[in-house]
Each structure stands twice: as C-alpha cells, then as structure tokens.
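The values are calculated or read from the model by the stated rules, or taken from the named source; none is laboratory data. Please read these numbers as outputs of a predicted model, since none were measured by experiment. Note that we place each Cβ from the backbone using ideal geometry, even for glycine, and neighbour counts take in every protein chain shown.
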Amino acid sequence: MRVLVTSDLHYNVAGSREPTRRLASEVCRADADALIIAGDTCGHDLAVMDEALALFESFRGARMLVAGNHCLWVQAGQSSRHRYESEIADAARRRGFHYLDREPVILNNVAFVGNIGWYDYAFASESLSIPRRFYERKVAPGAALMLPEHHDLLRDRHDIRPDLLEIRTRWTDGLHVKLGCTDPDFTRQLADKLAGHLRDVRDRVDHIVVAMHHLPFVELVVRRNRPDWDFANGFMGSPVFGDILLAEPKVRYCICGHTHVPVQVQLGGIRCMTVGSTYYDKRYELLEVRSHGCHDQQ
C-alpha cells in the first residue's frame, strides 16, 4: 500500500496557496492508495479548509486528515472544542475526507489512527529555565514586559534571569484557541482518545500507521540554541503520546506536522518523521506499507 502524507498547508496564508495547489496537483497524479493531511490546513475560516480539501478531489485513493492547532483558531465567543469535535468533522466529510481524530480507518490489513496531539510544556527548554506561568500564558518574559495584559507575570522577578527579558516570542494559540480547559488537561484527554483508538484496531490489523500534528517524541523536536525558537519548543507536543505509541507493537509509522522542519528517527519499531512543510515550500512523504513490513521513500 502506497500512502502519501503531507501537512501544514496553511491555505489561509497568501504565500501558501500556490505551493499548496502545486502539491495537490502532484498528489492527485500520483499512484497511491491513500492520502493523509497531518494538520494545519487552515486558520479561523473553515471555508478555507473547504477550498484546500477540494484541491484533492481527483485523488483516487482514500483521503484522511487530522486537525492542527491552527485549525482550532476561532473568533471571540466561539469554542475551539466545538470546532475540533464537530465543525472540522463536517468540513472533512463534505469533501470526502475521513477525520481520523474522530475514528480510525482500516484499509486492507492496515489501520490508520490520527490525533491532533497537544502540548503540556514537557518539551520546554531546560536551559532557558523560564517559569511555567509564562508557558501557560504563551508569552516569553520579554513579550510579557511589552504587553500590559501580562505585566502581572513580572510582579515577582526572583525566578527570572535578566537575559530572559530579551525573549519576545509569543505563541499565538494564546490569542486564538479557546478550549475551556488547561493545555495539560486537553493533552491528557487527547492521549486517552489515542489509546482508545489503538485498542479499537489492534486486534483487527497487522500494522498501524499513526498521523499526528503535534510531536509525541522529544527526538523530533528541533533545538537551535536560539532562545526565541527554544521557548516555542514548549508548544511542540508531549511525551505522553509517545509512551502510548511505544506500548503498541503494531505501530509501524508515526508521521507528524507542526514543526516545518523535516526530521526522521527510528524509535523502537516505529519510524517517526515530521513532514517539514513550510509556509512557502510544501512537502510530502511516500510510505510503502506492506504485509511483511514497511519502508519509506520521499
């Protein structure tokens, strides 16, 4: 079975639209049995998701997707939870895509399990030693200094090194994602869902392919020794997902989006990779999934 995986189409961004159209044209001409989009198809406007998914209508195989954090961006007064659980599912169904966050798909002897994943700040840079309260607000100390609504984070500076005030990164999920719960709570709920989906399929297939948006393994996190970048690593994912995947021996692949940097590692029996699409350069991975094993090629 030939499986194409892409991610981070960001079709709401002007510079992403033409590269996405070129990628879709190539994908639709490819000789493949399945397509997975691993998150961040759109932003606030789900009509943009509809436009993006329509580009793949002529793909002849099964079409699947998972949500990304940008897909959960909503306007004031709206609910990211409702977007995640209902609205994205409806948008996917209208364009003939299976929404893996809702339920797995089995093709022949292979199960496809998907999950947006989330973050609990476990991948935060230890060398920065930024207090957790800044991750909870999604602003680095320097950004909090510049933004009056976050000045309360700086009332007591005994645990803030002076150099941290130079880090002005802001993770914009803090402005646009409205979950109604904490990030660690959402992470745990999603991890429970992932574990349940794996239990549902494990006795019915020989192989499992997992698609996620956020990262389940620290080995996929890109460290650049740049404080602005490394602060953002706190929002890359959580190892609780990785623990669940490693405990299931039938998982052969885990393919992720989110980082915009391609990385590949082997962890136990799982080939793990990030697709690495950027806003202006769209990529895909081609997986060959066979009854006797799996291998990949780009």
**Asked** Among the numbered criteria (1) closer than 30 Å to E18 by Cβ; (2) surrounded by fewer than 19 Cβ atoms within 10 Å (Cβ to Cβ), which single criterion is violated by Q189?
**Response** (1)
**Asked** Which is outside any loop (DSSP other than H, G, I, E, B), without any contact (Cβ under 8 Å) to a residue 60 or more places away in the chain, in contact with a helix residue (DSSP H, G or I) (Cβ under 8 Å, 6 or more places away or on another chain) and over 29 Å from V66 (Cβ atoms), of G142, G174?
**Response** G142
**Item:** Residue satisfying all of: in the range 28-41; crowded, with 21+ Cβ neighbours inside 10 Å and touching a Ser or Thr at 6+ places or on another chain (Cβ under 8 Å); nearest to G61 (Cα to Cα) among these
**Value:** L35
**Complete:** Matching residues in the range 1-21 (modelled with pLDDT of 95 or more and either under 19 Å from M64 (Cβ atoms) or in contact with a Lys or Arg (Cβ under 7 Å, 6 or more places away or on another chain) (or both)) number 12
**Request:** Determine whether A89 is touching a strand residue (DSSP E or B) at 6+ places or on another chain (Cβ under 8 Å), surrounded by fewer than 21 Cβ atoms within 10 Å (Cβ to Cβ), aliphatic (A, V, I, L, M) and not in a loop (DSSP other than H, G, I, E, B).
**Result:** yes
**Among the candidates R157, R188, residue that is of a type in the set (K, R) and assigned by TED's automatic domain parsing to the domain that holds G268** = R188
**Asked** Can you name the residue in the range 102-132 that is free of Cβ contacts under 8 Å to residues at least 40 places away in the same chain and charged (D, E, K, R) and, of all such residues, is nearest to A211 (Cα to Cα)?
**Response** R102
**Prompt:** From the list R252, R283, R223, R271, which one is in contact with a Phe, Trp or Tyr (Cβ under 7 Å, 6 or more places away or on another chain) and either under 20 Å from V27 (Cβ atoms) or assigned by TED's automatic domain parsing to the domain that holds T187 (or both)?
**Reply:** R271
**Prompt:** In the range 220-246, how many are of a type in the set (S, T, N, Q) and in a helix (DSSP H, G or I)?
**Reply:** 1
**Residue list for the range 11-51, restricted to those being more than 23 Å from W118 (Cα to Cα) and of a type in the set (G, A, S)** = A14, G15, S16, A24, S25, A30, A32, A34, A47
**Message:** Given (1) modelled with pLDDT under 95; (2) farther than 28 Å from L179 by Cα; (3) not small (G, A, S), identify the lone condition not met by H44.
**Reply:** (2)
**Request:** Being basic (K, R) and in a helix (DSSP H, G or I) is the filter here, so list the residues in the range 1-55 that pass it.
**Result:** R17, R21, R22, R29
**Prompt:** Just one of R94, R132, R63, R83 is at pLDDT 95 or above and closer than 24 Å to D230 by Cβ; which is it?
**Reply:** R132
**Members of the range 258-277 found to be within 15 Å of H213 (Cβ to Cβ), touching a residue at least 40 places away in the same chain (Cβ under 8 Å) and of a type in the set (V, I, T), listed by number** = T259, V263, T274, V275
**Message:** Among the residues in the range 116-130, are any surrounded by fewer than 18 Cβ atoms within 10 Å (Cβ to Cβ) and part of a helix (DSSP H, G or I)?
**Reply:** no
**Prompt:** Which ones in the range 192-219 are closer than 23 Å to S277 by Cα, part of a helix (DSSP H, G or I) and either in contact with a Leu (Cβ under 9 Å, 6 or more places away or on another chain) or not assigned by TED's automatic domain parsing to the domain that holds C254 (or both)?
**Reply:** E219
**Message:** Among the residues in the range 88-95, are any of a type in the set (G, A, S) and in contact with a Lys or Arg (Cβ under 8 Å, 6 or more places away or on another chain)?
**Reply:** yes
